[in-house]
Amino acid sequence: MIALLFAALVQAAQAAPPPPAAAVTLGPIGEQRLPAKGCAAYLWSVADRQLVAMATADPATIRVSLGGRTLDLTRSAGEGAGKLGFADQAEYRGGDVTARLTMEIVQQEALTAGAKVPAGSLQIDRPGQDGIVVPVAGLIGCRA
């Protein structure tokens, strides 16, 4: 009887799918400096207010942190007129990572060297892995 029970447990263990890999999350990028020239968008996760991305207009890059590793991705495409050197929708690539950033950019008289980003989304895709989509908001700062 015990042998049959043991055999059934072994068979069930062999048939069970492997546990899912730990999900890689978008992490904080820490303090970032305004570029010496041009504009940068500082984007916080709406959920926890962590600074999760910094996009620069020139050179057109975005900095993110995946699984504790900081990555700088280069813009590969952009759509929409945008403002301050940023497209309404931009795609960035580096290695096997693709990031898609959509931002609503609102300029105001009170913000003389930048704009606010009241809403946006950051999507990260990697082959063979689940995608990550994070609602973001933030500020754009510019320096001449």
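Among the residues of the range 26-42, the ones that are open to solvent by less than 50 Å² (accessible area, probe 1.4 Å) and within 16 Å of the chain's Cα centre (by Cα) come to 8 in all.
When 48, 88 are checked against the criterion of being free of Cβ contacts under 8 Å to residues at least 24 places away in the same chain and within 14 Å of residue 29 (Cα to Cα), 48 stands alone in meeting it.
Out of curiosity, is residue 45 of a type in the set (Ser, Thr, Tyr) and buried (at least 16 other Cβ atoms within 10 Å of the Cβ)? For residue 45, the condition - of a type in the set (Ser, Thr, Tyr) and buried (at least 16 other Cβ atoms within 10 Å of the Cβ) - is met. Filtered by the rule that a residue be more than 14 Å from residue 39 (Cβ to Cβ) and either surrounded by fewer than 16 Cβ atoms within 10 Å (Cβ to Cβ) or of a type in the set (Lys, Arg) (or both), the range 79-95 gives 79, 80, 81, 93, 94, 95.
The set of residues in the range 56-74 that are surrounded by 15 or more Cβ atoms within 10 Å (Cβ to Cβ) and within 13 Å of the chain's Cα centre (by Cα) comprises 61, 62, 63, 64, 65, 66, 71, 73. If you go through the range 96-144 and pick out every residue that is among the β-branched types (Val, Ile, Thr), at pLDDT 95 or above and open to solvent by 80 Å² or more (accessible area, probe 1.4 Å), you end up with 1.
The values are calculated or read from the model by the stated rules, or taken from the named source; none is laboratory data. From a predicted model like this one, the values you see are computed outputs, not experimental measurements. Backbone-built Cβ (ideal geometry, glycine too); neighbour counts: all protein chains shown. Each accessible area value is taken on the protein alone, full model and side chains, heavy atoms only, with ligands, DNA and RNA left out. Shrake-Rupley method; radii C 1.70, N 1.55, O 1.52, S 1.80 Å.
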